[in-house]
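What follows is a single structure, written as structure tokens, with notes after it.
The values are calculated or read from the model by the stated rules, or taken from the named source; none is laboratory data. The structure presented is a predicted model; accordingly, all values stated were derived computationally and were not measured. Note that each Cβ is placed from the backbone with ideal geometry, even for glycine, and that neighbours are counted across all protein chains shown.
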Amino acid sequence: MEKKQSLMQPELLMPAIKDAFIKLDPRVQMKNPVLFVTLIGAVVTSVYVIFGIGAGSKSFEVQIAFWLWFTVLFANFAEAIAEGRGKAQAASLRKSKSTTVARLIRSGTEFQVAASELKKGDIVVCSSNDLIPGDGEVVEGIASVDESAITGESAPVIRESGGDRSAVTGGTRVISDHIKIRITADPGNSFIDLMISLVEGAKRQKTPNEIALSIVLSALTIVFLLAVATLKIFADYSGDVAGQDLSQIVTVPVLIALLVCLIPTTIGGLLSAIGISGMDRLIRRNVIATSGRAVEAAGDIDVLLLDKTGTITLGNRMATEFTAVKGVEQSRLAEVAQLASLSDETAEGRSIVVLAKERFKLRAEALQPHDAVFVPFTAQTRMSGVDISILGGKMRVLRKGAGDAIKAFVKSQGGSLPADLDQKIESIAKSGGTPLVVSEGKDVLGVIALKDIVKGGIKERFGELRKMGIRTIMITGDNPLTAAAIAAEAGLDDFMAQATPESKLQRIREEQARGHLVAMTGDGTNDAPALAQADVGVAMNTGTQAAREAGNMVDLDSNPTKLIEIVEIGKQLLMTRGSLTTFSVANDVAKYFAILPALFSLLYFSKSVGVGPLAALNVMGLESPQSAILSAVIFNALIIVALIPLALKGVAYRAVGASEVLKRNLFVYGLGGLLVPFLGIKMIDALLTAIGSV
Amino acid sequence: MELVDLFQIVFYVAVLTLLTPGLGLYMYKVFSGERTFLTPLVGWVERGGYRLTGSSSREEMTWKEYLTALLWFNFFGFLFLFLLQLMQTILPLNPQNFANVSWHSAFNTAISFMTNTNWQGYAGETTMSYLTQMAGLAVQNFVSAATGIAVFLALARGISRQSSKTLGSFWVDLNRSVVYLLLPMSFVFALVLVQQGVVQNFSPYVDVTTLEGAKQTLPMGPAASQIAIKHLGTNGGGFFNANSAHPFENPTPLTNFLQILFLLLIPAGLTYTYGKMVGSIKQGWTIYAVMAAVWVFTMIGSVASEAVSNPLLAESMSMEGKETRFGVVSSLIFSTATTLVSCGAVNAMHSSLSPLAGGIAMFNIMLGEVIFGGVGAGMYGMLIFVVLTVFLAGLMVGRTPEYLGKKIEAREMKLVMLAILAPCATILIGTAIGVSSPLGLSSLANKGPHGFSEILYAFTSATGNNGSAFAGLNANTPFYNVLLGIAMLVGRFAVLVPVLMMAGSLVQKKISPPSTGTFETDTALFGILLIAVIVIAGALTFVPALSLGPIVEHFLMLRGQSF
């Protein structure tokens, strides 16, 4: 889990404040139309104040100008503080990069070159204590590597040539042994470079939904620009026909104040902070996404392909039960099974030994190593066991293995099969276990049930996913019977038995053709096509370079369950944007009730009543036109600051259906957005009146 | 509000709701080319149409081809009508010997009828020959309505088809709308109107002596045939200047009831047709419910506003500007219906409504003419707001917004915002030009906020392709004829073109199957959210303007000041 990071850490705060001013550069502001309009408004108002243009009260306009500048600065600050959290991490990553010296092998000779000069295809060599100079694939040797620089995990990992653990990352350190690495990334494109640019948000591209939202926000800005610009003309007409001069109050700075209050500055100001912090939340969960687009796509996923092993079940199958056939003692079966498994170094074999010890206190003490000949497992015989010489020159032939193999073996020894064997085998298979048949000589003794152990809490996790509308599909090499049982036990929606890389790819294509968005995890080179085809492909960091390049995310912890968190982060990102947009627009209602009566409370002023007719719209009972306008502007600026923590954290996410989520967010951010500003503006107005600023 | 008023409102909504599925289903069959009971009667007309244009009923068009066909068709319709008005002196069927129409009025009127606005700067009975009325105006009444339906059909196909390129054929849609829907229904409705006393002849005007001994000229003409389509096609252009307040245009309470009903029928029925087309009737009913709810709100609001006692007259439910044949509530049901539906026929003078009831009529148009709205145009306008609502809601539930399985992305939002932005901008800028120019102000009959409302209403009505007038503004000047003409063009095509582009973009997309993570668009929650988006979008844009018109006028009226 991420560590709790306070927003207001001084080491993040000071640079962010500085950045807020640097970002006032119009070239930066241009990228965000809402803030650009605000900036222009601040400049124009300042010009009015400084050169004394217009008939408005200058002490009042100074305050408007002040708060307009603050609105822009607050928005810049929000972005800067979101970026700041990544910058520290980027700095330490850079350090590991710049100091690296590579030992390049060229035509058999070793050269010392700077890591930054390495090209794709170069071969380098690394011995213990060397920093690996760039991303690559181990082509020779095996080594333990400390990857804590990127994963934060201090335990070293094994990297070896061939197989699925051949990828190494630049900036990590070889702890022991000696490997040759073929570089697979050109300078500037390495994993560390990618991470640096990601955590800094430097190369941040707007995601598709962010672009669509920006269009809506820009259009709203234009609508309000028109509404306010024409209001000036309408006010002139109204003043004319009423025989009044409204130029004291309907001034350019006041209209700018109205405009800035109406345009969606809240979401406009926080939009990029939301995007950056979404990426940041991923990185703090040790997931590197190659693009923001991938993070957003994760929120849209409705089909999840999960590998059985490691994700749904603990890594290996375990023996859970000895079932003896009729006429055989359970303890005899357990003893034979234990002896037959002693040489079996696999986790399955060990679990049989352990189970026999637990159930029957057997410790295989009778076995003298020099009397025993171990028979290892081979793909041809599909069984293993031991031949033990006992007194009288006889042999105990103990075997355990797949049902068919043992049956054939026993028959060849001239034995017969117990009548209840098949039924026992089948019942284990049906319940999702793998049956191993045990024999001694020509007698079949019984069956060991090996079972996948489903991870604790995983069923609840899948239940949450189902509520979110995500279908989970288990991928396994098991036979359909076993697969179905495990899928049922773990609460999955569907499974793919006897899966091959090709059938995985095929399945993803089928789901996509039906309109689904598919996510999957993978690590091996043969997963690469499926990872590339999936809408969100999460490669394990322990995997091969091919897999890491094919996916659009890399999980540094190599924890396949992480996919669920990635989906949540993707959804949270969109929800935060949507909720703050709703909040921002809903706020405008209250602002109209503050500013319109303030502008026109004197229109058609009649002495008998004391105010104009539109003063009736001043439902908040704000003190004076000036205080009302100023309160709205101050509220508009402060709400940005008040919502920075929400933008960085994201709105609360719970795994419930879409309509529940919508109801909740509409209630909080829609209704809240309507009501909060009434309260806030009224309070600020009271405060302003109390301190006598207007 | 009295119980009998409420009963009237409930009665209208109930009758409309009952008729919606039947007509909706009929239209669905017609537009998908299925056989209906009218096929044996008029099927040969449809086939004749294809022979004439050299097309076929199986023709398919991309959005570009569809739009091109539509634009050329509308352009020639405009040109024909424009020239007809300029040459009516040398053409037959002009018994009153009306002069040729001025270029600017002809320009305005041609655009007005082509865009289904039917804004009338002229008075029908003193300007237009029978030929102009029949061959020009009435023809555009039919085809402008059919054009609206065609665009709606294209959009509905864009939503319901997947991974395709074509949206149907403009010629086929146009042909079927006219032949199976508008012509037969108008024919029947016209017969009923004639039976009730609406005139239908080619006679010259009749001079009569009234009981009081005064001389009066009674206008004549082929009125019934044009009035039927005026309502059915949500055109609203009256045969006579007083429109449906004229006894020869709307003689009895029964015709009044039918006229309100007929202007709502097709827009309401299309919600059902839409539900059928996208494969879920509930989707259609949700949209219908939203429309009906807003209609009921505005009717209640208007009646409540009329019921506010005007201290100057010391009475409420004032009859000023209303017909004694219909009374106040019937007039308000008419005024809300005609403004929500972009019809624009009137049976009372909106200028004489109480300030807030007039404001509601105006605000109804400002909502974008999407509550029922114009024939076809209301539905495609509504779908624009549906997509906007889906976008906001979709983000709030944490998924890329999807409508009926189609992803709503940047391109769609660009088009949606353009379609919403362009009319808003036209109304605001047009009004600003009107109130700041001497040419604009010289047409005003009233000063103060009421004068402001007159100009605001004119630009709102033109841009919304509504066509109703607030009255009190002399719009038959080159200034207003040209400006309002442009407003009508923008209001029609700056929505229609993005809609067709969006249809072209949506039709290429895949349909993602729904899951519990998909946000449903056929629920009460969505309906409420949709209403909120429509009303808030309209309010945020126009409240500043409205506050200087009807709202301030209302408060001034309470203080005993009127304009």
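For the stretch A:117-150, what are the residues that are surrounded by fewer than 22 Cβ atoms within 10 Å (Cβ to Cβ), more than 33 Å from the chain's Cα centre (by Cα) and either assigned to a loop (DSSP other than H, G, I, E, B) or without any contact (Cβ under 8 Å) to a residue 60 or more places away in the chain (or both)?
Across the stretch A:117-150, the qualifying residues are A:Asp122, A:Val125, A:Ser127, A:Ser128, A:Glu140, A:Gly141.
Of all residues in the stretch A:557-591, count the ones that are touching a residue at least 60 places away in the same chain (Cβ under 8 Å), farther than 30 Å from B:Leu388 by Cα and surrounded by fewer than 22 Cβ atoms within 10 Å (Cβ to Cβ).
Counting residues in the stretch A:557-591 that are touching a residue at least 60 places away in the same chain (Cβ under 8 Å), farther than 30 Å from B:Leu388 by Cα and surrounded by fewer than 22 Cβ atoms within 10 Å (Cβ to Cβ) gives 4.
Read through the list (1) of a type in the set (Gly, Ala, Ser); (2) facing chain A (nearest Cβ under 9 Å); (3) not in a helix (DSSP H, G or I), then give the number of the only condition that B:Ala432 fails.
Looking at each condition in turn, B:Ala432 falls short on (3).
Only one residue in B:Val387, B:Val375, B:Val370 is within 27 Å of the chain's Cα centre (by Cα) and closer than 13 Å to B:Phe526 by Cα. Which one? Before you say what the answer is, go through the steps one by one.
Working: B:Val375 fails: closer than 13 Å to B:Phe526 by Cα; B:Val370 fails: closer than 13 Å to B:Phe526 by Cα.
Exactly one residue qualifies, and that residue is B:Val387.
Filter the stretch A:336-350 down to residues that are under 39 Å from the mean Cα position of the chain (by Cα) and more than 15 Å from A:Val447 (Cβ to Cβ) and give me whichever is surrounded by the most Cβ atoms within 10 Å (Cβ to Cβ).
A:Gly349
Does any residue in the stretch B:29-50 that is more than 14 Å from B:Phe170 (Cα to Cα) and aliphatic (A, V, I, L, M) come within less than 7 Å, Cβ to Cβ, of a residue that is at pLDDT 90 or above and in a loop (DSSP other than H, G, I, E, B) six or more places away or on a different chain, and which pairs are these?
Partner pairs satisfying both residue conditions: B:Val30/B:Thr36.
Residues B:Leu70, B:Leu84, B:Leu41: which one is of a type in the set (A, V, I, L, M), crowded, with 17+ Cβ neighbours inside 10 Å and closer than 29 Å to B:Leu265 by Cα?
On inspection, the qualifying residue turns out to be B:Leu70.
Considering only helices (runs of 4 or more DSSP H) fully contained in the stretch B:451-563, which possess at least 3 residues that are more than 26 Å from B:Ser144 (Cβ to Cβ) and more than 13 Å from every other protein chain (Cβ to nearest Cβ)?
Qualifying helices (runs of 4 or more DSSP H): none found.
Please specify each residue of the stretch B:404-414 satisfying the condition of being surrounded by 22 or more Cβ atoms within 10 Å (Cβ to Cβ) and under 28 Å from the mean Cα position of the chain (by Cα).
Matches in the stretch B:404-414: B:Ile408, B:Glu412, B:Met413.
Just to be sure I understand, how many residues within the stretch A:500-520 are in contact with a helix residue (DSSP H, G or I) (Cβ under 8 Å, 6 or more places away or on another chain) and over 25 Å from B:Lys510 (Cα atoms)?
Qualifying residue count for the region: 1.
Against the definition (part of a helix (DSSP H, G or I), within 12 Å of chain A (Cβ to nearest Cβ) and without any contact (Cβ under 8 Å) to a residue 24 or more places away in the chain), how does B:Leu395 come out, yes or no?
Working: part of a helix (DSSP H, G or I): yes; within 12 Å of chain A (Cβ to nearest Cβ): yes; without any contact (Cβ under 8 Å) to a residue 24 or more places away in the chain: yes.
Yes.
Please count how many residues of the stretch A:514-544 are touching a Ser or Thr at 6+ places or on another chain (Cβ under 6 Å), surrounded by 21 or more Cβ atoms within 10 Å (Cβ to Cβ) and in a helix (DSSP H, G or I).
Number satisfying all stated conditions: 0.
Quick one: which helices (runs of 4 or more DSSP H) sit completely within the stretch A:579-694 and have at least 1 residues that are more than 13 Å from chain B (Cβ to nearest Cβ) and at pLDDT 95 or above?
A:625-649, A:672-691
When you go through (1) in a helix (DSSP H, G or I); (2) without any contact (Cβ under 8 Å) to a residue 24 or more places away in the chain; (3) surrounded by 16 or more Cβ atoms within 10 Å (Cβ to Cβ) one by one for A:Leu104, which number turns out not to apply?
(1)
Condition test on A:Glu61, is it charged (D, E, K, R) and crowded, with 19+ Cβ neighbours inside 10 Å?
yes
Name the residues in the stretch B:33-65 that are among the polar types (S, T, N, Q) and at pLDDT 95 or above, would you?
B:Thr62
Would you confirm, using the coordinates I've provided, whether A:Val49 is farther than 30 Å from A:Met279 by Cβ and either modelled with pLDDT of 85 or more or of a type in the set (A, V, I, L, M, F, W, C) (or both)?
Here the answer is yes, as A:Val49 does meet what is asked.
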